[in-house]
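Data block below; observations after.
Bear in mind that the values in this text are calculations on the coordinates, not laboratory data. Because the structure is a prediction, the values reported are computed rather than measured. FYI the Cβ positions are ideal-geometry reconstructions off the backbone, even for glycines, and counts take in every protein chain you see.
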Amino acid sequence: MLKIKNLWKKYKKEFVLKDINLNLQKNSSLALVGESGAGKTTLSRLILGIDTPTKGNIHIDKNSISVVFQDYRNSVNPLFTIIEILKEPFWLRKTTFSNEKLEDLLKTFNLSKSLLDKYPHELSGGQLQRVCILRAILTKPSFLILDEAFSALDVSTKSQVVTYIKSLKKEQNLTIFLITHDLEVATSLCENIKILFKGEVIESLKTNCLGQAQNQYTKLLIDSIIPLKIKETNE
Ligand SMILES: Nc1ncnc2c1ncn2[C@@H]1O[C@H](COP(=O)(O)OP(=O)(O)OP(=O)(O)O)[C@@H](O)[C@H]1O
Ligand SMILES: [Mg+2]
């Protein structure tokens, strides 16, 4: 589905991505985790062909990809109502918009039906971000790229949306590439994790083997979520 080989990206004189290699098989899920400025969005832009690599190759199966952009506010047409925003991918693909599931999905996403006739500037950040996630999944993609897609959501809404995406993963054989600084969401949604630090992948791990982390930075990240996990299991 996605294969990246020896990928480098330079802006001006500085390399912001250094020798990135990854292989994302169909029906699998990978999280790219890293701090702000690590190069995550740059990588997603290269994958989507919005920007070009300095060196290296990207092979992607471009059939049926959906993306939730980190900059979600600029990813919607401000002159469209929310229902038009949700319908736009169907218009572009010249397919029929089916709204039979929309009402249920709005409930799952904690969005009121009355928002459908509003404009993006009338929604809160978290509401608009959920609209963007909804838009991405309504077309039933086979490959979903999520760049900090839950950043504006409160804890309980985030958990509801993540649980729903997990169910889609099973039912629709969805391949997921999650880009986040949030290791907790990464472990909850993805089977595989790569840690990006200053443009370099410093560790690749299976989510169920986090204890095998070797790198000091990865260990610090893992330690930061362990108290939360312990709290969850005690409840
Ligand atoms: N168009 C550009 N021109 C010059 N430098 C850029 C450009 N886009 C990104 N950068 C630089 O590349 C580095 C990586 O940026 P990127 O947006 O990929 O980080 P990120 O990991 O997505 O961070 P965040 O978690 O804050 O979204 C940063 O140092 C940034 O300043
Ligand atoms: Mg980013």
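Name the single residue, out of those in region 147-163 being assigned to a loop (DSSP other than H, G, I, E, B) and within 16 Å of ligand 2 (Cβ to nearest atom), that is farthest from Glu191 (Cα to Cα). First the steps, then the outcome.
Filtering region 147-163 down to residues assigned to a loop (DSSP other than H, G, I, E, B) leaves 148-154.
Now restrict to residues that are within 16 Å of ligand 2 (Cβ to nearest atom): 148-152.
On the way: Glu148: 18, Ala149: 18, Phe150: 18, Ser151: 21, Ala152: 24 Å.
Looking at residues that are assigned to a loop (DSSP other than H, G, I, E, B) and within 16 Å of ligand 2 (Cβ to nearest atom), I get Ala152.
Any residue in region 41-53 that is more than 14 Å from Val67 (Cα to Cα) and near ligand 1 (Cβ under 8 Å from one of its atoms) sitting within a Cβ distance under 6 Å of a residue that is of a type in the set (D, E, K, R) and assigned to a helix (DSSP H, G or I)? List the pairs, counting only those 6 or more apart or interchain.
Filtered contacts from region 41-53: Asp51/Arg45.
Please pick out the residue among Asn63, Asn77, Asn27, Asn57 that is of a type outside the set (Gly, Ala, Ser), more than 16 Å from ligand 1 (Cβ to nearest atom) and assigned to a strand (DSSP E or B). Lay out the reasoning, then the answer.
Numbers: Asn63 fails: assigned to a strand (DSSP E or B); Asn77 fails: assigned to a strand (DSSP E or B); Asn27 fails: assigned to a strand (DSSP E or B).
Matching residue, one of Asn63, Asn77, Asn27, Asn57: Asn57.
Determine which member of the set Leu111, Leu205 is out of contact with any Cys (no Cβ under 9 Å at 6 or more places or on another chain), among the aliphatic types (A, V, I, L, M), assigned to a loop (DSSP other than H, G, I, E, B) and buried (at least 19 other Cβ atoms within 10 Å of the Cβ). Write out each step before concluding.
Values: Leu205 fails: assigned to a loop (DSSP other than H, G, I, E, B).
Of the residues listed, the single one that is out of contact with any Cys (no Cβ under 9 Å at 6 or more places or on another chain), among the aliphatic types (A, V, I, L, M), assigned to a loop (DSSP other than H, G, I, E, B) and buried (at least 19 other Cβ atoms within 10 Å of the Cβ) is Leu111.
If a residue has to be within 16 Å of ligand 2 (Cβ to nearest atom), more than 12 Å from Leu17 (Cβ to Cβ) and among the basic types (Lys, Arg) to count, how many in region 38-76 make the cut?
1
Need the failing condition index for Thr52 against (1) surrounded by fewer than 20 Cβ atoms within 10 Å (Cβ to Cβ); (2) closer than 24 Å to Val162 by Cα; (3) touching a helix residue (DSSP H, G or I) at 6+ places or on another chain (Cβ under 8 Å), just the number.
(2)
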